[in-house]
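Here the structure is laid out as structure tokens; the discussion comes afterwards.
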Amino acid sequence: MAYANGLIPLSAMRQLSTGGYLLANAAGAFEAWRIQARAAGFDMRPTSNSDAFRPLAVQEAIFFARYSRTDYGRRTNGAVKVYQGVVYYLKPGFAVAATPGSSNHGKGLAVDIRNSGGFGGAYHNWMSRTGPALGFNNIEGRSINEPWHWVHSGAFTVSNPIGGNGSITIPNIPGAPAPIEEDE
């Protein structure tokens with residue numbers, strides 16, 4: 001069944017071991033990536049529970065905190081948006097936000113990763129090397145200057161990523177540490 005952006009019931013998703021939800025394939029890949037991150041010395045987790053799947057109400061709250069109907073004269077990329085037929089303008093001092101109902105977070109495919117560092121940092125470089133093999137990329141994050149924003153293709157599947165006996169299969173990624181078994 002197809003759901004509208006931000007309206008996917010949690011029962012149709014998988015809860016991450018670190019908090020938050022993603023679609024099953026994305027959640028499985030995230031858990032596999034998280035295990036690899038731990039082995040490489042990184043603590044991979046979302047910046048907050050709503051920085052994985054983001055319900056429409058949360059998308060709206062973020063949007064209305066950053067945009068208003070007052071025209072501030074700014075015309076930079078993303079400074080003017082239309083939502084439900086109404087024009088909104090980015091408030092001074094705020095970063096752009098997705099128009100509610102258009103965020104990859106609302107599709108259950110995006111996750112903002114805590115402490116990812118800036119572009120070119122050790123952790124970000126490690127994620128850039130290992131994420132694609134698990135279906136994650138930072139292409140959209142780069143385009144909006146967010147090194148922490150990673151989107152899953154939705155195609156990569158990991159068997160038994162959450163629950164069960166804790167063992168998962170992780171593909172061989174050049175330069176990545178050997179897979180470990182989760183015992184939590």
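The values are calculated or read from the model by the stated rules, or taken from the named source; none is laboratory data. What you are looking at is a predicted structure, and each value in this text was computed from that prediction instead of being measured. Here the Cβ is made from the backbone with ideal geometry for all residues, glycine too, and neighbour counts use every protein chain on show. With ligands, DNA and RNA removed, areas are computed over all heavy atoms of the protein, side chains included. Shrake-Rupley method; radii C 1.70, N 1.55, O 1.52, S 1.80 Å.
Miscellaneous remarks
- On the stretch given as the range 134-152, residues that are surrounded by 22 or more Cβ atoms within 10 Å (Cβ to Cβ) and assigned to a strand (DSSP E or B) total 4.
- Scan of the range 1-25 for residues that are within 26 Å of A122 (Cα to Cα), aliphatic (A, V, I, L, M) and part of a loop (DSSP other than H, G, I, E, B), ordered by number: L16
- Any hit, the range 94-105, residues being open to solvent by less than 40 Å² (accessible area, probe 1.4 Å), under 15 Å from A37 (Cβ atoms), among the small types (G, A, S) and at pLDDT 90 or above: no
- Taking the range 106-116 as the range and being loosely packed, with under 14 Cβ neighbours inside 10 Å and either assigned to a strand (DSSP E or B) or hydroxyl-bearing (S, T, Y) (or both) as the test, no residue passes.
Yes/no per residue for (1) without any contact (Cβ under 8 Å) to a residue 24 or more places away in the chain; (2) on the phi > 0 side of the Ramachandran plot; (3) among the acidic types (D, E):
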| position | (1), (2), (3) |
| --- | --- |
| L109 | no, no, no |
| D112 | no, no, yes |
| F119 | no, no, no |
| S128 | yes, no, no |
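- Complete set of residues in the range 26-58 that are modelled with pLDDT of 95 or more, open to solvent by 50 Å² or more (accessible area, probe 1.4 Å) and either in a helix (DSSP H, G or I) or at positive phi (or both): R38, G41, A57
- Residue match in the range 123-133 (condition: in a loop (DSSP other than H, G, I, E, B), open to solvent by less than 10 Å² (accessible area, probe 1.4 Å) and modelled with pLDDT under 95): no
- Unmet requirement for F119, which otherwise passes all of (1) at pLDDT 95 or above; (2) open to solvent by less than 10 Å² (accessible area, probe 1.4 Å): (2)
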